[in-house]
Amino acid sequence: MDSQTLMVVGIAVAILILITAVWMYSVRQRRERLRERFGPEYDRTVRAVGRPDKAESILKKRADRVDRFELRPLSSAQADEFDREWRRVQATFVDDPVGAAASADALVARVMVARGYPPEDFDRRAEDVSVDHPHVVENYRIARELMQRRERGEAGTEELRRAIVNYRALFADLLEVEPEESERRRAS
């Protein structure tokens, strides 16, 4: 091989190494952005599907879907009404734990719809809410599982209390109000 051929091969190898490094950096950056956005939901999805690249594809599609929604904060009036309703749900727990837990589930779903999430089945709602509320979506799943255990006769009042607590975590996170109205609420 002459020196010119060696130089061309060397340049080609250097370009290939550079392209590979840029690609690896890009993959790492995308992974970090998804981990940051989804928090514990990222790790849960990786465990569920077994491969980070497949989990990232799922999470990206989920985020793209939710990004198309017209999500909005609640008005102060809506937030106040939902908050009053939540207190009523909690107050009924002593006399009717099953009804209170079912009402908590329905109330969380109504708040989600008021915020702009479509009224879907539970699994889709959990996926959708995981995009913007990744730190509390697991509470939602736990509450739902406890309710299902109750329906099968495998859970008692203590499990229903835990379901209410878990619904409350997501409810509180969803009860976001418009920023200027939030300031007025605090002032009053």
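Could you estimate the translational diffusion coefficient of region 1-59 from the Stokes-Einstein equation, with Rh from the Kirkwood formula over C-alpha pairs, at 20 °C and 1.002 mPa s, in whole µm²/s?
157
Quick one: net charge around G156, please, counting Lys, Arg +1 and Asp, Glu -1 for every other residue with C-beta under 13 Å from its C-beta.
Local charge sum for G156: +1.
Over the chain, what is the relative contact order in percent, taking alpha-carbon pairs closer than 8 angstrom and at least six residues apart?
After rounding, I find 25 percent.
For all pairs of alpha-carbon atoms in region 1-125, what percent lies in each bin of width 5 Å, listed from the first bin to the last filled one?
For region 1-125, the pair-distance distribution reads 2, 9, 11, 12, 11, 11, 10, 8, 6, 4, 4, 3, 3, 2, 2, 1, 1, 0, 0.
When Lys and Arg each count +1 and Asp and Glu each count -1, what net charge do the other residues less than 12 Å away from V46, Cβ to Cβ, add up to?
The answer is +2.
Could you tell me the accessible area of R162 in Å² (1.4 Å probe, neighbours in place), rounded to the nearest ten?
Only protein atoms counted, so the area is about 100 Å².
Considering only protein heavy atoms and a probe of 1.4 Å, how much of the accessible area of the chain is carbon and sulfur, as a whole percent?
54
Between 0 and 90 degrees, rounded to the nearest ten: what's the tilt of helix 3-38 against the longest Cα principal axis of the chain?
10
What is the angle, in °, between the Cα long axis of helix 52-67 and the longest principal axis of the Cα atoms in the chain? Nearest 10 is fine, range 0 to 90.
Its long axis makes an angle of about 60 degrees.
Springs between alpha-carbon pairs under 10 angstrom, Gaussian network model over the chain: which of F93, F38, F171 fluctuates most?
In this elastic network of the chain, the residue with the biggest mean-square fluctuation among F93, F38, F171 is F93.
Once every DSSP H run of n ≥ 4 in the chain is given -39500 (n - 2.57) and the sum is divided by its residues, what mean residue ellipticity at 222 nm do you get, rounded to the nearest 500 deg cm²/dmol?
-27000 deg cm²/dmol, from helical runs alone.
Evaluate 2.2 N^0.38 Å with N set to the residue count of region 49-188, then give the Cα radius of gyration divided by it.
Expressed relative to 2.2 N^0.38 Å, the Cα Rg reads 1.13.
Please give the contour-minus-distance gain from R65 to R87: 0.36 nm per residue of separation, less the Cα-Cα distance, rounded to one decimal in nm.
4.7 nm
Is the shape of region 62-112 best called rounded, prolate or oblate, per the rule: a/c under 1.5 gives rounded, else a/b larger than b/c gives prolate, else oblate, with a ≥ b ≥ c the square roots of the Cα gyration tensor eigenvalues?
oblate
The values are calculated or read from the model by the stated rules, or taken from the named source; none is laboratory data. Only a predicted model underlies this, so the values are computations on that prediction, with no experimental measurement involved. With ideal geometry, Cβ positions are generated from the backbone for all residues, glycine too; neighbour counts draw on all protein chains shown. With ligands, DNA and RNA removed, areas are computed over all heavy atoms of the protein, side chains included. Shrake-Rupley method; radii C 1.70, N 1.55, O 1.52, S 1.80 Å.
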